[in-house]
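Derivation of every value follows stated rules applied to the coordinates shown; laboratory data play no part. Computed from a prediction, not measured in an experiment: that's the story for all the values here. Positions of Cβ are backbone-derived with ideal geometry, glycine not excepted, and every protein chain shown enters the neighbour counts.
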2 protein chains.
Amino acid sequence: MNDPQTSSQAAGQPGGKAHGSTAASSVGLVAPRHFRYDGAFRTSGGRELPGIELVYETYGELNAAKNNAILVCHALSGDHHAAGYHSDSDPKPGWWDEHIGPGKAIDTRHFYVVSVNNLGGCGGSTGPSSINPETGKAWGPDFPSLRVRDWVDSQHILMEHLGVAQWAAVIGGSLGGMQALRWALEYPDLLRHSVVIASALKLTAQNIGFNNTARTAIISDPDFHAGRYQEHGVWPKNGLSIARMIGHITYLSGDLMGQKFGRELQAGSFARGNEEALEFQVESYLRYQGEKFADSFDANTYLLMLRALDYFDLAREYADDAVAAFRHARCKFMIMSFSTDWRFSPARSREIVDALIAAEKPVSYAEVDSSYGHDSFLLPVQRYQKLLGAYMRQVHAECIALGGQS
Amino acid sequence: MNDPQTSSQAAGQPGGKAHGSTAASSVGLVAPRHFRYDGAFRTSGGRELPGIELVYETYGELNAAKNNAILVCHALSGDHHAAGYHSDSDPKPGWWDEHIGPGKAIDTRHFYVVSVNNLGGCGGSTGPSSINPETGKAWGPDFPSLRVRDWVDSQHILMEHLGVAQWAAVIGGSLGGMQALRWALEYPDLLRHSVVIASALKLTAQNIGFNNTARTAIISDPDFHAGRYQEHGVWPKNGLSIARMIGHITYLSGDLMGQKFGRELQAGSFARGNEEALEFQVESYLRYQGEKFADSFDANTYLLMLRALDYFDLAREYADDAVAAFRHARCKFMIMSFSTDWRFSPARSREIVDALIAAEKPVSYAEVDSSYGHDSFLLPVQRYQKLLGAYMRQVHAECIALGGQS
């Protein structure tokens, strides 16, 4: 196990051609770390895992006051690799590299950023593709169903291991925002800020419908074998690919797809007689995205993540009263949404804001104009970056006021 | 072959319990008719069908002046059965029964309504599931790819057979609206009104993306066998079911799905420990709709219809200039859209209206508030019915002015 107090950043390569990792605004080369927890992990569904392993990355340094730690929570298909590069030939950086780094909105000169592959994931943390020690075979469909609170609980275990007494902020977009919300209720004293981007108190019926269609595509793939595809030496690639295509279309705005693809054909023309061969660019793009994803992502993990999304309902155990739920929170909130996001629309974020105000909690809210739909939270949308950066400078000023070094 | 001048309405059953077909506003019991055209039918793609058969229904009577005929065009999964019942135990009427009948918006006391199962369909007209006379086997994937203009051409052949010299109106919603638009350009003198509901000049990239995902689900179903499932004695039910689920979610508005299902569970509760067994009502609804559809609809027909939708682009051959395209039209237009329709949004209808105005064509436009999304065009939305009825009364007044009987 690595020393948790040292950043996983490695030194940039001297010489050679300029790689993204050598940019001044990059966290540079990073390496994932593994944390093994040998205690029993009891899930909210009443199951017990005999120990868990979490893979994570950190960027920046924990200060002496240990008050500058930020937890970044990933969404449906994300993982622990949020920023930087794994090697100097790595073609692209982590999924939130636009926002994490020296001088970026989540400034690693000031913050110690922690990013974990969620329990149940397929990025190295214990999940359906891990070996079940009782059987010596992959867990597969026998892996426990998880809820957002289980992720929060496992992140809390990692937090103690890292020696972080309180997060300066827990931050996430989409399903990651649900984790930031749940943290505020489950461990109200262990975070000072909850930053919730393009998220919701719970999914809409339409969202559940899309997830259900994606799920149906996976489980009806003959190669799925009721989740035991690993034992059969196959992979439900078709189903996963279709599931990803559904996600992809719905995470983009209709306007953006129009700008990006219009009705351009991949090759050929509408000259008479060749209709069978025609393919729109948007089709080959979606197929490529679907297949690329299906090559690497574990189907049981995807199903587990979809279910965590579906079942998340912040106020359920508070008699469906979000105001009553938020009364338990002690942190400050920053809520952000994007104008063209139709899967987690601004209206959903306003529900969070309204409930927080009614619960008399400090909350900032920004509705950002962006043409990128739900995917905006991953992208360098200017006003979004500016606002997130400004909010995080406040969070940093608080760290200093509380005795942390600059 | 039936006498085309006689309505396919049959007399209501005397006595017995009151069935929908006995209502004064119903066209009553109806029977499909078959029309066989023995000439060669050349498709726009340059293929030739050695004769075609079209199945159709008619409601109301053709007047002596033969100027009160209305062509109703169906959408993706519709057919010729637009109104009335096929028997007095038929559980539900045709797909547009809300709008066709005595006293309804398309009033069969005044109009002679013709509804055809499109060529390539699976409701009885020649299509992929018909026998290819050259091989003695089902056409399957060898059936020619069709465009909207091919439907218009085949409807024109039926029109001549029926002795209709000019349609009082051609009316359709969605893909049906594309036929009404194409009629106005291909046979400008053969219709007086084009009524285009919840339609578009062409699909958006997002729409093509959804269609592509549906198509991928069908063709990647192992039971699809490259379209030769009939020869294999199987049916690509999973793929069709997923395709239909995608359609279903996207044809409804998000708000309506929320009102209809919310997050209600089918059975059970969120009590700890039973997550695996939980299913939201929206899931079982979608699965039921998908499976019901997949039991009866032909996959090759579905693919053919999706492609006709994708490829439709009214202005393509007019150098992408819709104004130039509409200059060829001679009829009047009524364009209608629905506020919550996000697959064929009001913005798409306004593009039609703007181009018609620029082309100096008479056009009425109504944007109707409705919570039902794209499916609104099938439903008894009050303002929609009122406006369509008012417009059709004008169309009827014209028939009389032109020498038709009331």
task: Find every distance from the label point of A:D321 to the corresponding label point in the other copies (7 Å from Cα along Cα→Cβ) and write them in nm, one decimal, shortest first.
output: 6.6
Selection from A:Q266, A:M245, A:Q281, by position along the positive dipole direction of region A:206-311 (Cβ): A:M245
- request: Using +1 at the Cβ of each Lys and Arg and -1 at the Cβ of each Asp and Glu in region A:49-170, identify which of A:F143, A:G94, A:I106 lies farthest towards the dipole's positive end.
  value: A:I106
field: Within chain A, percent of DSSP bridges classed antiparallel, to nearest 5
entry: 40
- line: Convex hull around the C-alpha positions of chain B: the volume in Å³ per residue is 158
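How many Cβ atoms of partner chains, on average, are near each residue of B:233-245 if near means within 10 Å of its Cβ?
Mean inter-chain Cβ contacts per residue within 10 Å come to 3.
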task: For A:K292, go through the aspartates and glutamates and keep the ones whose alpha-carbon is under 15 Å away, minus same-chain ones fewer than eight residues off.
output: A:E283
- prompt: What does the highest-first list of A:121-130, B:91-100, B:255-264 look like by mean Cβ count within 10 Å?
  reply: A:121-130, B:91-100, B:255-264
field: Charge dipole of region B:285-406 about the Cα centre (unit charges at C-beta), most positive-ward option of B:A347, B:Y384, B:Y318
entry: B:Y384
- line: With one decimal in nm and the nearest listed first, the spacings from A:T135 to its own position in the other copies, using label points 7 Å along Cα-to-Cβ, are 4.4
query: In percent, what relative contact order does region B:88-247 have, based on Cα pairs under 8 Å that are 6 or more apart in sequence?
result: 13
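Just in region A:296-400: which GluC sites (Glu not before Pro) are loop by DSSP and have at most 15 other Cβ atoms within 10 Å?
A:E360
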statement: Magnitude of the Cβ-charge dipole (Lys and Arg +1, Asp and Glu -1) of the protein assembly as shown about the Cα centre, nearest 20 debye, reported as 1120
query: In Å, the Kirkwood hydrodynamic radius of region B:204-311 over pairs of distinct alpha carbons?
result: 15.3
- prompt: Taking neighbour Cβ counts within 10 Å as the exposure measure, how do A:R244, B:R192 sort from fewest upward?
  reply: B:R192, A:R244
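Sort region B:314-406 into rounded, prolate or oblate with this rule: let a ≥ b ≥ c be the square roots of the eigenvalues of the Cα gyration tensor; rounded if a/c is under 1.5, and if a/c is not under 1.5, prolate when a/b is larger than b/c, oblate otherwise.
Verdict is oblate for region B:314-406.
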field: Total formal charge among the other residues, if their Cβ is under 14 angstrom from that of A:R109, Lys/Arg +1 and Asp/Glu -1
entry: 0
field: Neighbouring partner chain Cβ atoms per residue of B:44-52, average, 10 Å criterion
entry: 2
- prompt: Hey, got the dipole for region A:206-311? About the Cα centre, +1 on K and R Cβ, -1 on D and E Cβ, debye to the nearest 20?
  reply: 180
- prompt: How many angstrom separate the Cα center of region B:383-406 from the Cα center of region B:87-115?
  reply: 16
message: At a 10 Å Cβ-Cβ cut-off, how would you order B:Y85, B:Y285, A:Y288, fewest neighbours first?
response: A:Y288, B:Y285, B:Y85
query: If contacts are Cα pairs under 8 angstrom and at least 6 residues apart, what is the relative contact order of chain B in percent?
result: 17
message: Going Cα to Cα from A:K237, which aspartates and glutamates come in below 13 Å? Please leave out same-chain ones fewer than 8 positions away.
response: A:D221, A:D223, A:E291, A:D295, A:D298, B:D221
- request: Evaluate peptide A:255-263: per residue, the Cβ atoms of other protein chains within 10 Å of its Cβ; return the mean as an integer.
  value: 4
- prompt: With charges only on Cβ, +1 for K and R and -1 for D and E, what is the dipole size of region A:66-147 about its Cα centre, in debye, rounded to 20?
  reply: 220
Segments B:169-181, B:369-381 sorted - mean Cβ within 10 Å per residue, highest first: B:169-181, B:369-381
field: Set of lysines near B:K386 by C-alpha distance (under 17 Å), chain-local residues within fewer than 8 positions excluded
entry: B:K104
statement: Bridge orientation stat for the protein assembly as shown from DSSP, antiparallel percent rounded to 5, came to 40
query: Quick one: which of A:K202/B:K260; B:K66/B:K92; A:K92/A:K202 span more than 22 angstrom between C-alpha atoms?
result: B:K66/B:K92; A:K92/A:K202
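Remind me, relative contact order of region B:204-311 in percent, using alpha carbon pairs under 8 angstrom and six or more residues apart?
Result for region B:204-311 is 30 percent.
Once every DSSP H run of n ≥ 4 in the protein assembly as shown is given -39500 (n - 2.57) and the sum is divided by its residues, what mean residue ellipticity at 222 nm do you get, rounded to the nearest 500 deg cm²/dmol?
-10500 deg cm²/dmol
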- request: Please report the Cα spread of the protein assembly as shown along all three principal axes, rounded to whole Å, starting with the longest.
  value: 96, 63, 51
